[in-house]
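Input: a single structure, listed below in structure tokens.
The values are calculated or read from the model by the stated rules, or taken from the named source; none is laboratory data. This structure is a prediction, so every number in the text was calculated from the model and none was measured. Cβ: placed from backbone, ideal geometry, glycine included. Neighbour counts: every protein chain shown. Please note that ligands, DNA and RNA were not included when accessible areas were found on the heavy atoms of the full protein model with its side chains. Shrake-Rupley method; radii C 1.70, N 1.55, O 1.52, S 1.80 Å.
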Amino acid sequence: MYSSKPSIVYGFHGLDKTTALKILLQEDNFRHSTNKYDWLGSGVYFWENNLERAKQYAIQDSKRKNSSIKEPFVLAAVIELGNCLDLLDQKYNDFLKVAYTQLKQDLEAEDIEIPTNKGFSSNDFDFKARELDCAVIRYACALAEEAGEPFDSVRAAFIEGTPLYEGARFYSENHIQLAIINPDCIKGIFLPREKQK
């Protein structure tokens, strides 16, 4: 009764400029990320209402070895969340606990080791290689699909970066992330404008 939320949000996606322009001109589409460490499972990832973080990401990614981003760029999208696995809502947190328990039982029955979350490096305190979280999200999505109520999107807060000041529990790169599973949730794509004076 009290879990309704705005169904339309702005999302920002950092990527290479050439790819972005092809998507904008409808010559290509966003690609679903399907890595086993994607913390919100498979989908097209967006920063919710956070243009600056998307810019930072595109610049950071362009500096990585073998990055597909040659010229950092950001596209904006109007997104309808649809049936959202919203991990800022208690009922979905409770559902995710159930999904984890069932996944663990299934893997144990098959004598398969459960994945773990870990860092890409020794100084990766926020564990960006989220293999466990990815597996649980994918399992939860499969359960919802089996029940005839597939999720269109996943939404969660990500605590990331360095403390903003000594003793802080607020971090420099905190954000709300979206993984859009159903591409029909992306209602429009546009170039974000800078604020006019």
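Observations, loosely collected:
- At a probe radius of 1.4 angstrom, the accessible area of the chain per residue rounds to 61 square angstrom.
- Along each principal axis, Cα extent of the chain, largest first, Å: 57, 40, 35
- Helices in the chain, meaning DSSP H runs of at least 4 residues, each add -39500 (n - 2.57). Divided by all residues, the mean residue ellipticity at 222 nm is -9000 deg cm²/dmol.
- Evaluated with a Cβ-only charge set (Lys, Arg +1; Asp, Glu -1), the chain carries a dipole of roughly 960 debye about its Cα centre, given to the nearest 20.
- Whole-number D in µm² s⁻¹ for the range 36-121, Kirkwood Cα-pair radius fed into Stokes-Einstein, 4 °C, 1.567 mPa s: 79 µm²/s
- Summing Cβ point charges (Lys, Arg +1; Asp, Glu -1) relative to the Cα centre of the range 51-158 gives a dipole of roughly 780 debye.
- Here Ile159 and Ile112 are evaluated by their C-beta separation; at R0 = 41 Å the FRET efficiency comes out at 0.90.
- The chain - percent of accessible surface contributed by carbon and sulfur, probe 1.4 Å: 52 percent
- Leading residue at positive end of dipole, the chain (Cβ point charges), from Tyr92, Trp39, Ile186: Ile186
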